[in-house]
Amino acid sequence: MEGTARELEVRVHGRGGQGVVTAAELLSIAAFEEGRHAQAFPSFGSERTGAPVVSFCRIADAPIRTHEPIAEPDALIVQDPTLLRGDDVFAGVGPDAYVLVNSGRGFEELGLGELARGFRDERLLAVPASEIARRHLGRPLPNAALLGAFAALTGALRLDSIEAAIRERFPGDGGERNAAAAQECFALAQRRLSEVAHA
Amino acid sequence: MLRQVEGSAAVAETVARCRPEVVCAYPISPQTHIVEGLSDLVRDGTLAPCEYVTVESEFAALSVCIGASAAGARAYTATASQGLLFMAEALYNASGLGLPIVMTVTNRAIGAPINIWNDHSDAMSQRDCGWVQLYAADNQEAVDLHMQAFRIAERLSLPVMVCMDGFVLTHAYERIDVPSAEQVDAFLPPFEPRQVLDPAAPVTIGALVGPEAFAEVRYLSHARQMQALEAIPDVADEFARVFDRPSGGLVHGYRADDAETVVVALGSVLGTIEEAVDAMREEGVRIGALAVKSFRPFPARTVRAALRRAKRVVVLERALAPGAGGVLSSDVRVALKEAPLDVHTVVAGLGGRPIGGESLRRLFADAGAGRLEPLTFLDLDRERVEAELGATALNGGSGTTVGSGA
Amino acid sequence: MNYQVDSFAVGNRLLEPERRSVQSRTDRANSLTCGHRACRGCGEALGARYAVDAAMRASGGQLIVANATGCLEVFSTPFPESAWRPPWIHSLFGNAPAVASGIAAALKAKGRDDVRVLGQGGDGGTVDIGFGCLSGMFERGDDVLYVCYDNQAYMNTGVQRSGATPAAARTANTKPIGGHQGAEFGQGKDLPRIAMAHEIPYVATATVAEPRDLERKVERAMELRGARYLHVFVPCPLGWGSEPRDTIRVARLAKETGLFPVFEAERGELTGVSKIRRRAPVEEYLRTQQRFAHLFGDPPNRDAIARIQAIADRNIRRYGLLDGARDRASELDSGGGGSKSDAKEEGRP
């Protein structure tokens, strides 16, 4: 019998108030919608806005047994690019990992050119999720929007599962706007990825 | 119904379906989402009739439960860590008075130094208070154990603590089968107290008992805990029949029957242990795990039987008895009596330090190779502690005044 | 007024039935029945019998009692015996108000609004260790009548100081040695005023010298719902070093000096005051108890006595305890140290 079918381990970085914990929860709900097993949880520090926050999500096709933090994520989501300067956001991240950064700037511009070369081009993506979110929500809350890009980047979850998770978590108008932001991010991500593929 | 839901939320809903009539709430991390969830369910009328009492301390929380339970109401509260200690006097009182209160303990370290993260110090510190202590390995089991807890408590007239790892389980979103009201009602009958405060048939509860009778009263509480050794598996069996899934019971072995090395543990770390076991089994190592589900009463006979074919036992503890060593290990050693087994205590995960799969595999390999000391601290920063010990040796005393050499 | 016949003297069977005390009725509940082991002259046993019987009458016998650890609990329930006839629970020292709240919550959940709850304890369990729970019960407005029997120290453990111990009193750990004059001035909690600050429906004080008044206050409290508090002054002959036969007299003097104001309040506003009938100087009260004997050495501690008199004077001012009543203090010699001139300024209408 195999160890847990650990298909995808995702780590989300951001700052308190940006919905980092919710992002992981949404991923887990989306996976549930697809009939898969998922586990989402935050790492806990003192609760205050602006403090670095990390959350985790495991997605698998068999029951997930371990509850320990994810040391070697298969996918990294960075909701706040200012974290790239200080924290060791890339700890345990291997060369085949997916890296999604919330930024209108590219990896070179972000000062990550050298680092980026250690990863697979088609698995790196930066999208301006905060701007997109601001247009849909009126606030630069990027967590749900980014998940649309995540779906495009990794193919691990379908966009409609993400949207269903968003609508379940944010009933009413808020859910619709967040879902629309996720759709836009998804489309943008697909365009960027195909550009990379044809580069 | 299968849902992707936070552990705390699932526990709150399940507890609500157990129809407590009095719920006491005093907030402490990481139990807060449970009492908040219950508040919502009372306010929106889902849980009714129920009095939700916002108390002024944990001591009050359990005391209000004591009054409520003595008056014949099903009573519930939740706490952790410092809060559990703050109600310590009331813990003994509740068990001594035979009140079937159910309480969630979202295991958390005890300060000083203050630490809000998971370990088992809190419940362990109260292991002799006379409460039944059940440990959940995951959120499904946490949900299930609460239903079983009310049955066990009311059958024995003993209070029951359901332990679930703070943050690790409470704040984890997982796929959980949350029972429906009908399912719970079918499993859990209404509360019929053994004795009750009622003007129609007055009783005096809580008399002063002198040396001439105290020992007998205490013996009876021990006897009732021993009865729990039967009640717990009974209720678990019935649960499995009604809900069609196993949970609870006294212990649960994982690939332990033919194992040379068996890892014994409580709580959520068992998931990581099982994964390590599987990985090592792939490599041909004969290793298994034994989950202890009921810590009090301690199922000595069952543990002994489960370990009878092992050569060595590693007890992985999320607690520490300073000056003595392990806590769970002591009970395991007593259970094993003079069995020809090596028992190794590994203290890990204190104050929420993660216990990684890699660390465990190395640890288990060491155990298999006979490289483990009787007492080990996993992932301890030895340099740091030795530097500190060296510094205080230089200074002597408790300050930096006399004898502080160069 | 004929003191013998027209007054509310306890047990007066010449009164119309509805004006008789609960204790004078043959159908009284005897909630704290005989066989308990209280000391001779125990003020608490007397107060509890009156208070709980009155509550039983007011509730039609539908009463549950929660009792804190202390003398009352210890002398009334030596296993396997109990002197309590209503349903009664003792849990811990500091949680009687919370246990009472829990019982009230259970009854409410079960729709039993016909059954009432009474919590009770001594000053230690109420003013000190039970204070948090008491305040919590008040602020939530739980439907509990809490009665504190105040004998001004931790008696059951051997007469140690509590937050209710009055200034200059000797207790086992406030002895008049090393230059100290007993318990410190300026300490202590005024629980009735604290209760009033919670703006609960009913707060009252009473003494065992006026048991009919005590009963009436319990009855009044039981007419109301929500958190209610009754603070009863109960001399402890053993702890105070007073004569067991003087318990009622000592209690009366506490009131008549002004040291223990007797009043009622609803939702933080004073609604009634029991006036001093014949004002006495504090010295008359202090001399009845050995715990103040050190103030009357050779020479007497006039300063401490004057300070105690000042406390009494302040109470009289604050609560309006005098109303054209005869002021014996003003007629006496100046033996009490300035009391005469004080009285001239204070108690005159």
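Screening the range B:319-397 for helices (runs of 4 or more DSSP H) wholly inside it with 1 or more residues that are open to solvent by less than 30 Å² (accessible area, probe 1.4 Å) returns the ranges B:328-336, B:357-368. The number of residues in the range C:202-215 that are part of a helix (DSSP H, G or I) and closer than 17 Å to C:Leu270 by Cβ comes to 1.
Here C:Glu44 passes the criteria (1) buried (at least 24 other Cβ atoms within 10 Å of the Cβ); (2) within 10 Å of chain B (Cβ to nearest Cβ) except the one numbered (2). Criterion applied to A:Ala189, A:Ala144, A:Ala152, A:Ala164 was being without any contact (Cβ under 8 Å) to a residue 60 or more places away in the chain, small (Gly, Ala, Ser) and outside any loop (DSSP other than H, G, I, E, B), and the one residue passing it is A:Ala152.
Restricting B:Ser29, B:Ser81, B:Ser39, B:Ser8 to residues that are modelled with pLDDT under 95 and more than 14 Å from chain C (Cβ to nearest Cβ) narrows the list to B:Ser29. Can you name the residue in the range B:239-256 that is out of contact with any strand residue (DSSP E or B) (no Cβ under 6 Å at 6 or more places or on another chain) and of a type in the set (A, V, I, L, M, F, W, C) and is also farthest from the other protein chains (Cβ to nearest Cβ) among such residues? Ranking the qualifying residues of the range B:239-256, first place goes to B:Val242. Looking at the structure I just gave you, is A:Thr66 of a type in the set (Ser, Thr, Tyr), surrounded by fewer than 23 Cβ atoms within 10 Å (Cβ to Cβ) and assigned to a loop (DSSP other than H, G, I, E, B)? So A:Thr66 fails the test. Residues of the range C:127-182 being β-branched (Val, Ile, Thr), more than 12 Å from chain B (Cβ to nearest Cβ) and touching a helix residue (DSSP H, G or I) at 6+ places or on another chain (Cβ under 6 Å), which ones? The answer is C:Val127, C:Val147, C:Val159.
Residue pairs whose Cβ atoms lie under 8 Å apart, sitting 6 or more positions apart in sequence or on different chains, and linking a residue in the range C:90-103 that is on the phi < 0 side of the Ramachandran plot to a partner that is among the charged types (D, E, K, R) and open to solvent by 10 Å² or more (accessible area, probe 1.4 Å), are C:Leu92/B:Glu89; C:Gly94/B:Glu89; C:Ala100/C:Asp142; C:Ser101/C:Arg140; C:Ser101/C:Asp142. Taking the criterion of being polar (S, T, N, Q) and either open to solvent by 30 Å² or more (accessible area, probe 1.4 Å) or in contact with a Gly (Cβ under 8 Å, 6 or more places away or on another chain) (or both), the only residue of the range A:131-156 that qualifies is A:Asn143.
Of the listed requirements (1) facing chain B (nearest Cβ under 7 Å); (2) open to solvent by 10 Å² or more (accessible area, probe 1.4 Å), C:Ile89 misses just one: (2).
Which is among the aromatic types (Phe, Trp, Tyr), part of a helix (DSSP H, G or I), open to solvent by 10 Å² or more (accessible area, probe 1.4 Å) and within 13 Å of chain B (Cβ to nearest Cβ), of A:Phe56, A:Phe32?
Values: A:Phe56 fails: part of a helix (DSSP H, G or I).
Answer to the check: A:Phe32.
The number of residues in the range B:242-253 that are touching a residue at least 24 places away in the same chain (Cβ under 8 Å) and either assigned to a loop (DSSP other than H, G, I, E, B) or over 17 Å from B:Pro299 (Cα atoms) (or both) comes to 7. Any residue at all in the range A:36-53 that's more than 9 Å from every other protein chain (Cβ to nearest Cβ) and part of a strand (DSSP E or B)? The answer is yes, given that some residue of the range A:36-53 is more than 9 Å from every other protein chain (Cβ to nearest Cβ) and part of a strand (DSSP E or B).
For the range B:263-284, the count of residues that are open to solvent by 40 Å² or more (accessible area, probe 1.4 Å) and assigned to a loop (DSSP other than H, G, I, E, B) is nonzero. C:Ala98 satisfies every condition listed in (1) closer than 21 Å to B:Val196 by Cα; (2) open to solvent by less than 10 Å² (accessible area, probe 1.4 Å); (3) touching a strand residue (DSSP E or B) at 6+ places or on another chain (Cβ under 7 Å) except (3).
Each residue in the range C:300-321 was checked for being in a loop (DSSP other than H, G, I, E, B) and either basic (Lys, Arg) or in contact (Cβ under 8 Å) with a residue 60 or more places away in the chain (or both), and 2 of them qualify.
Within the group C:Glu223, C:Glu199, C:Glu243, C:Glu210, which residue is surrounded by fewer than 24 Cβ atoms within 10 Å (Cβ to Cβ) and under 12 Å from the mean Cα position of the chain (by Cα)?
Details: C:Glu223 fails: under 12 Å from the mean Cα position of the chain (by Cα); C:Glu199 fails: under 12 Å from the mean Cα position of the chain (by Cα); C:Glu243 fails: under 12 Å from the mean Cα position of the chain (by Cα).
Of C:Glu223, C:Glu199, C:Glu243, C:Glu210, the one residue that is surrounded by fewer than 24 Cβ atoms within 10 Å (Cβ to Cβ) and under 12 Å from the mean Cα position of the chain (by Cα) is C:Glu210.
When B:Ala207, B:Ala236, B:Ala259 are checked against the criterion of being within 14 Å of another protein chain (Cβ to nearest Cβ) and either open to solvent by 20 Å² or more (accessible area, probe 1.4 Å) or in contact (Cβ under 8 Å) with a residue 24 or more places away in the chain (or both), B:Ala207 stands alone in meeting it. Of the residues examined, C:Glu81 is one that is over 21 Å from B:Val55 (Cβ atoms) and at the interface with chain B (Cβ under 9 Å from one of its Cβ atoms). Among the residues making up the range B:42-60, none is out of contact with any helix residue (DSSP H, G or I) (no Cβ under 6 Å at 6 or more places or on another chain), within 8 Å of another protein chain (Cβ to nearest Cβ) and among the aliphatic types (A, V, I, L, M). Has the range A:69-87 got at least one residue that is open to solvent by 30 Å² or more (accessible area, probe 1.4 Å), closer than 20 Å to A:Pro42 by Cβ and over 17 Å from the mean Cα position of the chain (by Cα)? The answer is yes; a qualifying residue exists. Applying the condition of being among the aliphatic types (A, V, I, L, M), within 14 Å of chain C (Cβ to nearest Cβ) and touching a residue at least 40 places away in the same chain (Cβ under 8 Å) to the range B:180-204 and asking which residue is least open to solvent (accessible area, probe 1.4 Å) yields B:Leu197. Every condition in (1) within 14 Å of chain C (Cβ to nearest Cβ); (2) modelled with pLDDT under 95 holds for B:Ser221 except the one numbered (1).
The values are calculated or read from the model by the stated rules, or taken from the named source; none is laboratory data. Predicted model, so just to flag it, every value in this text is computed and none were measured. Here Cβ is always computed from backbone atoms with ideal geometry, including for glycine, and neighbour counts include all displayed protein chains. Ligands, DNA and RNA are excluded from the accessible area calculation, which covers all protein heavy atoms including side chains. Shrake-Rupley method; radii C 1.70, N 1.55, O 1.52, S 1.80 Å.
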